[in-house]
Structure formats: structure tokens, C-alpha cells
2 protein chains.
Amino acid sequence: MYLELDGQGPRYAQLTRGLKQAILGGRINAHSRLPATRVLARDLDLSRNTVLAAYEQLAAEGFIEGRVGSGCYVAAIGAMQAPQPVAKAPARSGAARAPLSRRGERIRELWDRRIPGREHIGLRYNLQYGMPMTNPQLASAWRRELAHAAAHAQTDYPDPQGLLALRRQICDYLARRRGILAAPEDVLIVSGAQQAFTLAAELLLDEGDRVVLEDPHYQGERQIMQASGAEIVGCRVDENGIVTTDLPTQGRTKLALVTPSHQFPSGAVMSLARRMELLAWAASSGCWIIEDDYDGEFRYDARPLAALKSLDRDGRVLYFGTFSKVLFPSLRLGYIVLPPGLRDAFIGAKWLTDRGCPAIEQAALAKLMADGAFERHLRAAAKSLKARRATLLAALRKHAGGEVEVGDSSAGMHVVAWLTRLKLAQARQLVARAKERGLGLYPISPYFLKAPARPGLLLGFADLPAADLQAAMRILGECLREI
Amino acid sequence: MYLELDGQGPRYAQLTRGLKQAILGGRINAHSRLPATRVLARDLDLSRNTVLAAYEQLAAEGFIEGRVGSGCYVAAIGAMQAPQPVAKAPARSGAARAPLSRRGERIRELWDRRIPGREHIGLRYNLQYGMPMTNPQLASAWRRELAHAAAHAQTDYPDPQGLLALRRQICDYLARRRGILAAPEDVLIVSGAQQAFTLAAELLLDEGDRVVLEDPHYQGERQIMQASGAEIVGCRVDENGIVTTDLPTQGRTKLALVTPSHQFPSGAVMSLARRMELLAWAASSGCWIIEDDYDGEFRYDARPLAALKSLDRDGRVLYFGTFSKVLFPSLRLGYIVLPPGLRDAFIGAKWLTDRGCPAIEQAALAKLMADGAFERHLRAAAKSLKARRATLLAALRKHAGGEVEVGDSSAGMHVVAWLTRLKLAQARQLVARAKERGLGLYPISPYFLKAPARPGLLLGFADLPAADLQAAMRILGECLREI
């Protein structure tokens, strides 16, 4: 008997698979007798024990009958046992795409059309926003806390709402640094802000419901709203944040997503007047507001402003916090401060979706916050970011001063450079030319629903040392002059 | 001026909040002058620096105007500044529940009606299914791998599909132990089986679509199908697994959920004939099959049977694996082996939902598998489970032999004891009486869509030593005789 083994895993498992395929494919007929073990062993150059083990497995699974070692017969196993060629594995490339649910079709389309992440990752100078900051002190503190938590954290299913010790630390942190008074029962631990948006869309939106986004905005949040089939309305942003007079007043808006501390990506800080108008609009229209405070911690000319949530007297604001920016993205931890009317629903959704976040990383994070290592890291990060931002801006002025207008508000981990002379097509040329010279540039246009009047660049500076930022701006200036 | 501080966080932050509330509540009017810093410091018994810091914060946030230290005036901040009492924090208990999306309302209802987890957790003998196994060797290996991974794993956003090294290890494992030939690009790492069910429901089901569940079944999977608004059809299970002649043939079924290795919770192993019939039915009706292989690893009388997925020639089977049972539940890692036609959609959904699983735990798990520590743990766990199962069954026969019929198939981490004499109401009495004596018992009825004809108990034995299992069965026998 001829059988080709597939080479994966132990020999007996390969032989078992090979015999099964021969039986299912009809190459060995029902009721026929299998070769004696020593015959097959000789034919295939295997040890007799290997063949015995395979026969025993086939018997245990019901493929053969009789006593292994004396005489085994192939079982009759129904309609599937027909002489048809069996593919070794289903075809991979060009596999037909299966039809999906309405939501599934939208998700697959969003995946197909995604902006490739980290596209310039191999370049010498990569100004991508959201790259993690390097901090060796933090890395070693984190390693220590993880090892400690691995020895002490519970192994049972976690609390779906999140570890109480971590929720307490977050409340302390919010009261001290973000002006928010919250109790641990208002806080839900989630797998990053992305999951927070997902749960909100799931719980608050039916297909066709209206959602207001700032324009420009973070694409991740827009994609989730698109996946839920919502009607998306963009609202203009100026130097005081979202333009509240442009908020829709006709019909019902279910949800509005804002970044008051540091508008993403334009960089504006929402003024107090706009904050009050937004809250009044939400209260009167029955709309929920998501405050995405992705980098509200980093403010360089003054103390961080209190969060919008601290002004929320009507319980309309869901506050989203993430540790991706202040620690590192691969951690996948964030949290929501919930208004009372939504608490049960969000905890229930987290419980239903994935039963809660991993226990060890939550315990390690709670300890990092309790020990003070978290705030030490924040202070060090703010200091380093402030210096890098100053370097970037000085170098940008020096090398491209006449060509750019800077959108900046002394905050965050990026600045926007609006290109005052170039047209949109020329900006694409600029990105391509910079790439050839080892500089990764990111246009701002993908962050808009409605294309901006002029091109701009999103310059992320968090993880680049001063010399790299200066070199990057020099190249940017040279590329600009060539166009 | 009188102000009550809330006692949370540093004094300046408390004072800032108190002044904001006074301004927003209209107790301090727009355009009025704030007290001089030394006056307020004296009035409230605070240091002048504390008051200065609060005033600076208020100025930075736009609540007051003028120069701190000489004369500050309250800003006019629009319609919200009205004399109305401000609650210190929104009411917590009895907060009105906000209306939600259709899906949201279903989720909140499922959360309200959930079976409380771990209800007998304080009892001396707790036979709850799914409690993690204690293995000190595993715990120390895991601590070591986590600390190592924390020093070496990437900090950037993870691969949404999951760490390649981990997907490779899973493929090796599946080929060796579950008879499945898969490539790393077929595997998606998820946050436990619960998230796998969530993604499947999202991608494959529209409201009203039909789903087939085994009856009885795991409630977690049913709840997810209910949340998606699917029409749920239960299908009978006998000693050979799902009764394929009862599968619906009229109309379209989108999805069928099965546990072929060890039916949960009845304990049956699906026969080869039933497997082939199920696959033929799925192929002809265009239905997807989810194989939930939650404890297929643990088989005591023979080698584990190959998974249903190993017979899937038409690409209709989604194989779900979890590390909650073989390692520990608070890890929150599992995986899906996807048919080619669904690969993009599932990776896209994971990416959209939460950007991927935490990197460090994936790297640690990949290393645990590569080092062989994972398989050593599996062998140790299987040995310990086999001994505990034998102890449980012997003690059950001895103390309650005449009262129970055992549903068991030499596999898994639980057995079912059907109560041959008691009525359903008497079984509730039994559970209450056992609880008084320190024994946690779990009826099987919540796992059924259609109430079973006779009562039964789900006896989880994974984490109880032999002496405890014997004591537990003795108490069970005594309680039975008292009813």
C-alpha cells in the first residue's frame, strides 16, 4: 500500500492521518482488511510500534474494527466514504469568501480598506503617531510587577468588571489628575479604548442611528461606528475644538465622540464655553457623549485641564481612558467611567463578550500605580515629550518655516504641520520622496470624512531622540524645496 | 466664603473642584471677584500655595479671568451657569436605566438573569465545574516565562491575528494531539472561547437567523446567540452525541455549535458515524459548524480522539480551542482554526474589536509550549484528573450507588450524576441541604433549553484532592437518604 506522510508531528500521527484520508477518500474500501502491521511497517519503512499506534488510534476513533494485531477491517462510515480525491488541505489562496451577516460584510470591507499600520516601520526616521515610548525604568518595573503578580494573582475567572484594586487606583488617579470624582463601581476595565468603542456601539446603536464625529478624528472609532451601520455625521473642528453651532439639532443623535483635552488629530483644546455648550446640547437632545481622553495627561504649558467628564452633571458622558499611550500599546488595557444609567449594561456586555481582562496584567498594573512607579513614569514621559516637542518645532521652523503652519497646543505626542504651498497631489509626492530618503511621513487626510482644504502632516515625535527629530526635519525641508 | 472639600486627592484639587461646583451651580456669579488668595486660605484653613494652585488651575481651564495674585473674576460661561443645586455625584442606587439598542437591551437582560458564578465558593467542598487546577510547577514556569517575555516582547500594537510564534506552536500542538493540519495563517488568537463565540455571532448571524445548539449545552454560548437575536433550536443529545436525525432540514440554519470530544455537559463522545452525518448535513445545508473543543485533551481510557475539524473536507468547521481549562481561566487566551473562506473576516473583526490580544502573555505562552513545559503540565494534569475521577466514581458508587446513574465517558473534568429517584423539586432540596453541610452541588437543569425528564448534578472534580472528593460523596449520600 502506498501512502504519503505529510511530515507534520510524530510519525504515528502522520500515518493515522494518511490512513484516514485513504479511508474517507474511498481508496481503502469499507469492510476491506488493512495490511498486517509488520507488512505496512516494512512497506513504509516505519517501526512496527508506529503502525500499531496508528491502528489503535483508528480503532479508538471508529475508523477500523477488529483486534489490532490480528486482523483489522475498515468500518462502514456512511455517505462520506466515496471515491473522490481528497485535497491535502483546503485551498488557501483565492479561497472563495463566504457570505456573512450584514455587520460581518461591513467589517470585512473595513478590514480590506484599512490603512496599513506601521507601513514605514523599517525607515531610519519614522514619524508615525502612536509608537510606544522607550523607558527602561518602566520596562524593568513592569517586569518586576508582572512576575510578582504571576505568583499571587488569582487563576480563576476574573471579575468581568475588572480587578477591584485596579479600579480603585484608577479612581484615585482620576481624582488627582483629571478632576473626575468616580467610585470603583463606575469603572469598567476593558481591553484598550478600541474595545470601549466596540461595547458602546453594540449597546447604544441600532443600524441607521446617527453618530456625530469630530472631523478630523481617529479612524479606529469611525470604523467601529461604520461597522455598526450607523449614520455618521462629521462636525467641524476649529482652534477651540468641536464647533458646537454645527451640531445637528433636527432628529435624534444617539452618540457624539469627542477628544476635548487634545483634539485628535488637529491638536485643539476644547474651550470651556464649547464644553458647556456640548453638555447642554447632549442633555437637551438625549445624546450620549464619549470623551476619548487618549493623551490628556500630557500638557506642557500648564497642569492638565480637567476632563469634560468632571463637568457632567446630567450623567451623559462616558469617559474612555487607555494605558496604550501612557504605558505601551501591546498591554491592551483601558477603562470606561460610566454614567449610572449605563453601568449594568456595560458590565454585562464585557462579561458576555470575553468574561473580563486577564487577571495578572491587571494586578501588575494596580501595583505599579499603587507603588508610585506609574506617576514617576508619567512625569519622566512628560518631561521627555516636552523636550522632544520643542526640538521638533524648532527644527521644523528652521528647515521648513516658510512652508508650514503648525497646529499645536502645547500638549500630546504629535503636532500637525499644515502645508501652506502644496496641493494634495504634491503632498503625496512629498511622502514618496521622503520615503526614498528614509523618512516616514503621514498625511492627515485619512483622518477626515470631508477632505481638508489643504494638505497636512501628522508628526508623531514620542519615540524619536532629539538628533533624529532634527535630521528628520532637515530631510523634510529638503524634500519640500524639491517639489 | 464657605466651601466643603470632598476629601479625595490633594487639597488643591479638592479646592478646584469645590470652586468649580460653586461657579457652575451659580453660587458664585459670573463677573464677580474671587476672594484674595490669602483671605480664602485663612477662611478654609489652607496654605496660600494651595489656593494659588487652585486659582491657576481654574484660570487654565477658563473658569476665571484676570491675573492670579492680583484679582480674579469669574468668567461668563453660558447657559449652564444657573442657580441650581449641584449633586455632589450622580445618584448611584436606583439610577434610572437608560434605553439601549435592541442588542443592548438583550445583553442587559441576560446579565440580569445570569446564573451567579462561584456561588458556593466559601464552602468546604465545592464541586463547581471549571475551577482551575492547582499545579505549582506550572505556576512557577508561568512566572518565569512572563518575566522573560516582559523583558523581550514588543511594546508596539500587537499583530491582530496573534503572535506568529504562538500560532506556530498551536499548529504543532494540533497536528500532534488533535489530528488537525492547520497553517499559522488559519489560526486567530482570541481572548478565550467566549470571544470566539462573540466574533462568530457578529460575523455570521443577523437577527432572526437560526442557530442549532446541542441540548444540554454550555450557557455562555447560548447567551451570546441570544444576544445576537438569533432563533435558537435545541437538538437532542444521546450517548453518541448530537442526534443528527433531529437536525432541522427545512429552511436555512446558519450555525451549529457542538462539543464532539466530550459533550458539555452530558459527557457523551460523538461517534464517527454522527460526525460524518453532521458534516454531510452542514455541507448540504450550507451551515457553519463550531467545534468547541474545551477539554478534548483529557481522555483517560485511550489517546484523545482526533477533532471533528480533522474530518472537515468542505471547510465548514470553525475549531475553538481555549487555554482556560488546560492552563487557567484568568489567562483569557484561546484560538480559532478558521476555514479559508472566513479568515479575513475574523481577523478583521478581532482587529476592529480590540486590536489583538496582549503581547506579553502570548509570548510567554509560546515559550511555555516550545519548552515542553506545556505538555509536561498536560500529562501531569491528565494523570491527576484520571485518579480524581476514579476516586469520585468509586465514592459515588459506595455512598449513593442506588440513587444515581452516571453519565461518563472516561474524559474531561466533570461527570454527570442523574438522580434516578428524586423529582426536580426534591433535587432543589438536596442542593439546599448539601449547602448547609458545606457541600456545593450544581444541578444540570440550567444547561437545558427544554427541561430534562429527571434531575441531575454536574460534579466538577478537577481541583479537589481525593480525601475531599470522598468526604463530598459521603455527604451527598447522607443528604440523599434524608430526602
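The values are calculated or read from the model by the stated rules, or taken from the named source; none is laboratory data. Keep in mind it's a predicted model, so treat the numbers as computed, not measured. Note that each Cβ is placed from the backbone with ideal geometry, even for glycine, and that neighbours are counted across all protein chains shown. Areas reflect the complete protein model, heavy atoms only, side chains present, ligands, DNA and RNA absent. Shrake-Rupley method; radii C 1.70, N 1.55, O 1.52, S 1.80 Å.
Selection of region A:403-438 for residues being assigned to a loop (DSSP other than H, G, I, E, B), out of contact with any Asp or Glu (no Cβ under 9 Å at 6 or more places or on another chain), at negative phi and surrounded by fewer than 17 Cβ atoms within 10 Å (Cβ to Cβ) yields only A:K423. Listed by first and then second residue, the pairs with beta-carbon distance under 6 Å, at least 6 apart or on different chains, first residue in region A:162-187 and in the same structural domain as A:A366 (by TED's automatic domain parsing), second assigned to a loop (DSSP other than H, G, I, E, B) and at pLDDT 95 or above, are A:D186/A:L338. Here is the figure for region B:26-61: residues that are open to solvent by 40 Å² or more (accessible area, probe 1.4 Å) and either in contact with a Leu (Cβ under 6 Å, 6 or more places away or on another chain) or of a type in the set (V, I, T) (or both) total 1. For region B:318-340, the criterion of a residue being without any contact (Cβ under 8 Å) to a residue 12 or more places away in the chain, more than 8 Å from every other protein chain (Cβ to nearest Cβ) and either among the polar types (S, T, N, Q) or surrounded by 22 or more Cβ atoms within 10 Å (Cβ to Cβ) (or both) is satisfied by no position. Among the criteria (1) within 21 Å of B:R108 (Cα to Cα); (2) facing chain B (nearest Cβ under 9 Å), the one A:A200 does not fulfil is (2). Pull up region A:178-192, narrow it to residues that are in a helix (DSSP H, G or I) and modelled with pLDDT of 95 or more, then point me to the one that is most open to solvent (accessible area, probe 1.4 Å). Ranking the candidates gives A:E185 first. Whether any residue in region B:230-253 is under 24 Å from B:I107 (Cβ atoms), in contact with a Gly (Cβ under 9 Å, 6 or more places away or on another chain), without any contact (Cβ under 8 Å) to a residue 40 or more places away in the chain and open to solvent by less than 40 Å² (accessible area, probe 1.4 Å) is what I want to check. Scanning region B:230-253, I find at least one residue that is under 24 Å from B:I107 (Cβ atoms), in contact with a Gly (Cβ under 9 Å, 6 or more places away or on another chain), without any contact (Cβ under 8 Å) to a residue 40 or more places away in the chain and open to solvent by less than 40 Å² (accessible area, probe 1.4 Å), so the answer is yes.
Taking the condition facing chain B (nearest Cβ under 7 Å), outside any loop (DSSP other than H, G, I, E, B), in contact with a Gly (Cβ under 7 Å, 6 or more places away or on another chain) and modelled with pLDDT of 85 or more, does A:A147 pass? Here the answer is no, as A:A147 does not meet what is asked. Number of residues in region A:142-163 that are under 24 Å from the mean Cα position of the chain (by Cα) and either farther than 20 Å from A:G192 by Cβ or open to solvent by 20 Å² or more (accessible area, probe 1.4 Å) (or both): the value is 6. Among the conditions (1) among the hydrophobic types (A, V, I, L, M, F, W, C); (2) touching a Pro at 6+ places or on another chain (Cβ under 9 Å); (3) assigned to a helix (DSSP H, G or I), B:L318 misses just one, which is (3).
Applying the set (1) open to solvent by 10 Å² or more (accessible area, probe 1.4 Å); (2) part of a strand (DSSP E or B); (3) under 26 Å from A:A175 (Cβ atoms); (4) not hydrophobic (A, V, I, L, M, F, W, C) to A:E291 leaves exactly one unmet item: (1). Summed over region B:150-177, the residues that are over 30 Å from A:Q14 (Cα atoms) and part of a helix (DSSP H, G or I) give a count of 3.
Apart from one condition, B:K20 fits all of (1) of a type in the set (K, R); (2) under 23 Å from A:I180 (Cα atoms); (3) open to solvent by 20 Å² or more (accessible area, probe 1.4 Å); the exception is (3). Restricting region B:204-217 to residues that are surrounded by fewer than 22 Cβ atoms within 10 Å (Cβ to Cβ) and not in a strand (DSSP E or B), the residue that is nearest to the other protein chains (Cβ to nearest Cβ) is B:D206.
Of the numbered criteria (1) in a helix (DSSP H, G or I); (2) open to solvent by 60 Å² or more (accessible area, probe 1.4 Å), the one B:A13 fails is (2). Only one of the listed residues (B:A373, B:A382) is out of contact with any helix residue (DSSP H, G or I) (no Cβ under 9 Å at 6 or more places or on another chain), open to solvent by 10 Å² or more (accessible area, probe 1.4 Å), in contact (Cβ under 8 Å) with a residue 60 or more places away in the chain and away from chain A (no Cβ under 11 Å). That residue is B:A382. Across region A:175-192, the number of residues qualifying as at negative phi and within 9 Å of another protein chain (Cβ to nearest Cβ) comes to 10.
Here the condition is being within 19 Å of the chain's Cα centre (by Cα) and either farther than 19 Å from B:G315 by Cα or part of a helix (DSSP H, G or I) (or both); of B:M270, B:M225, it holds for B:M225 alone. When A:L342 is tested against (1) touching a Lys or Arg at 6+ places or on another chain (Cβ under 7 Å); (2) part of a helix (DSSP H, G or I), exactly one condition is not met: (1). Output yes when any residue across region B:306-317 is among the aliphatic types (A, V, I, L, M), open to solvent by less than 20 Å² (accessible area, probe 1.4 Å), at the interface with chain A (Cβ under 10 Å from one of its Cβ atoms) and within 22 Å of B:M413 (Cβ to Cβ), and no when none is. There is at least one residue in region B:306-317 that is among the aliphatic types (A, V, I, L, M), open to solvent by less than 20 Å² (accessible area, probe 1.4 Å), at the interface with chain A (Cβ under 10 Å from one of its Cβ atoms) and within 22 Å of B:M413 (Cβ to Cβ).
For B:M133, the conditions (1) under 13 Å from B:A363 (Cα atoms); (2) within 19 Å of the chain's Cα centre (by Cα) are fulfilled apart from (1). Return yes when A:A149 is closer than 29 Å to A:R103 by Cα and small (G, A, S) and no when it is not. When the stated conditions are applied, A:A149 does not pass them.
Can you give me the number of residues within region A:439-458 that are more than 20 Å from the chain's Cα centre (by Cα) and either part of a helix (DSSP H, G or I) or touching a residue at least 24 places away in the same chain (Cβ under 8 Å) (or both)?
Result for region A:439-458: 12.
The sole residue among A:R355, A:R343, A:R388 that is in contact with a Gly (Cβ under 8 Å, 6 or more places away or on another chain) and open to solvent by 20 Å² or more (accessible area, probe 1.4 Å) is A:R355.
Within region A:70-127, work out how many residues are modelled with pLDDT of 75 or more, within 15 Å of A:Q21 (Cα to Cα) and open to solvent by 70 Å² or more (accessible area, probe 1.4 Å). So the count comes out to 0.
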